[in-house]
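The values are calculated or read from the model by the stated rules, or taken from the named source; none is laboratory data. Worth saying up front: this structure is predicted, and the values here are computed from it rather than measured. For neighbour counting, all protein chains shown are included, and Cβ atoms are generated from backbone atoms with ideal geometry for every residue, glycine included.
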Amino acid sequence: MITFYPGPSKVYPRVADYAHEAIRKGVVSLNHRSPGFMAILKETIRLLHEKLEIPSDYHIAFVSSATECWEIIAQSMTVTTSLHLYKGAFGQKWMEYAYRIKPPIILGEADVLCIVQNETSNGSQVRMDSLADFRREFTGLIAVDATSSMAGIEFNWELADVWFASVQKCFGLPAGLGILVYSPKALERAQVIDDRQHYNSLLFIHENFAKGQTHYTPNGLDIYLLLCVLQQVPPIKEVAEMVRERAANWYQFFKEEQPHWELLIKDKKQQSDTVIAVQGSEAAVKSIKQAAQQQGIILGNGYGDWKTNTFRIANFPAIEDGEIRKLKEFLRSWRPEAE
């Protein structure tokens, strides 16, 4: 099957070989405090800085998932409450969860601004120029959920203090690992709050990673796979150029060749480069997903408010040109049942 599901999505073809290598070499059996595993961890973090052009003074830590980062930000970096700007289901879920930990207040200003850079549920995104506007206007910390875009597009990292993602999308890896990137300013905020009540308190995480160790027994296999993938992939500028070009082709394809469908996000400035959301009738969406599966192609389901009347197409780096051609050929040949 060829999968265009927007997460978990297709893994890089060589990941299976890397996993076999990890077992054969005993990597998956390494103690996470051992010199061998610490060397893997150090090199993986070094390559993240290099390949994604993360500033040298920004810290990197591994956690279980991007959604765990919602909790870490609320516990360890939010003094009073957070302000959430969102366009879709995941941004709303982040707000609702954060407010369980640090409820919204009537008086006073929020000290953390939370933004979903790429909203997987509806294929919208916040571009860097908009993020720059927020940076100029907001004096507190800015935290960015980049789950569906990190390792797929270029970021101006200094426009936010916290960035986080999971690896099952643009990194082209199996689910089970989150990447947390945080600035010196974010660390200073955590030191002021001094939250040490939780095992995933940022200070506890940071103290361990400063020693070249994880704070708990990690997903060692995924970290090793990430190391191998980072050794394989080009620098982010090259990856992002490919992703942007493919996205532009997808949007042109639906605009010019697909009269049965319309794009869910019509404003070009808000269209995602990594998740294309396509809208139609419930019957048509159900029909095309079934027909695609019969042809060995998995389309992404709709999500949230758009669950039944959209399908989504992942535009992640691990997806190959030949697979995209096959999907486009299928879409050209498909006709609604009424015709």
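Assorted remarks:
- One residue stands out among those in the stretch 280-301 that are within 17 Å of residue 254 (Cα to Cα) and touching a helix residue (DSSP H, G or I) at 6+ places or on another chain (Cβ under 7 Å): the one that is surrounded by the most Cβ atoms within 10 Å (Cβ to Cβ), which is 299.
One line per residue, one yes/no per condition, for (1) closer than 19 Å to residue 152 by Cβ; (2) crowded, with 21+ Cβ neighbours inside 10 Å; (3) in contact with a helix residue (DSSP H, G or I) (Cβ under 8 Å, 6 or more places away or on another chain); (4) at pLDDT below 95:
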{"residue": "232", "(1), (2), (3), (4)": "yes, no, no, no"}
{"residue": "245", "(1), (2), (3), (4)": "yes, no, no, no"}
{"residue": "259", "(1), (2), (3), (4)": "no, no, no, yes"}
{"residue": "267", "(1), (2), (3), (4)": "no, no, no, no"}
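- Residue 25 being surrounded by 14 or more Cβ atoms within 10 Å (Cβ to Cβ), among the basic types (Lys, Arg) and in the same structural domain as residue 199 (by TED's automatic domain parsing): no
- The stretch 156-172 residues that are hydroxyl-bearing (Ser, Thr, Tyr), paired with ones that are not in a helix (DSSP H, G or I) (beta carbon under 8 Å, 6 or more apart): 166/7; 166/65; 166/147; 166/175; 166/177; 166/178; 166/179
- For the stretch 55-84, the set of residues classified as surrounded by fewer than 19 Cβ atoms within 10 Å (Cβ to Cβ), farther than 24 Å from residue 214 by Cβ and touching a strand residue (DSSP E or B) at 6+ places or on another chain (Cβ under 6 Å) consists of 83 only.
- Considering 52, 30, 47, 41, the condition of being more than 12 Å from residue 221 (Cα to Cα), of a type outside the set (Lys, Arg) and either crowded, with 18+ Cβ neighbours inside 10 Å or modelled with pLDDT under 95 (or both) is satisfied by 52 alone.
- Here the condition is being touching a residue at least 60 places away in the same chain (Cβ under 8 Å), touching an Asp or Glu at 6+ places or on another chain (Cβ under 8 Å) and assigned by TED's automatic domain parsing to the domain that holds residue 45; of 151, 143, it holds for 143 alone.
- Residue satisfying condition, being among the hydroxyl-bearing types (Ser, Thr, Tyr) and within 23 Å of residue 78 (Cβ to Cβ), within set 120, 139: 139
- Answer residue from the stretch 269-306, given it is touching a residue at least 24 places away in the same chain (Cβ under 8 Å) and among the charged types (D, E, K, R) and is farthest from residue 153 (Cα to Cα) among those: 282
- Unique residue being small (Gly, Ala, Ser), out of contact with any Gly (no Cβ under 9 Å at 6 or more places or on another chain) and not in a loop (DSSP other than H, G, I, E, B) when the list is 283, 277: 283
- Residues in the stretch 148-162 include at least one that is under 18 Å from residue 315 (Cβ atoms) and in contact with a Lys or Arg (Cβ under 7 Å, 6 or more places away or on another chain).
- Top-ranked residue of the stretch 303-329 - restricted to ones that are part of a helix (DSSP H, G or I) and acidic (Asp, Glu), ranked as modelled with the lowest pLDDT: 305
- Number of residues in the stretch 298-321 that are over 25 Å from residue 15 (Cβ atoms) and small (Gly, Ala, Ser): the value is 2.
- Comparison of 20, 59, 49 shows that the only residue that is free of Cβ contacts under 8 Å to residues at least 24 places away in the same chain and within 22 Å of residue 149 (Cβ to Cβ) is 49.
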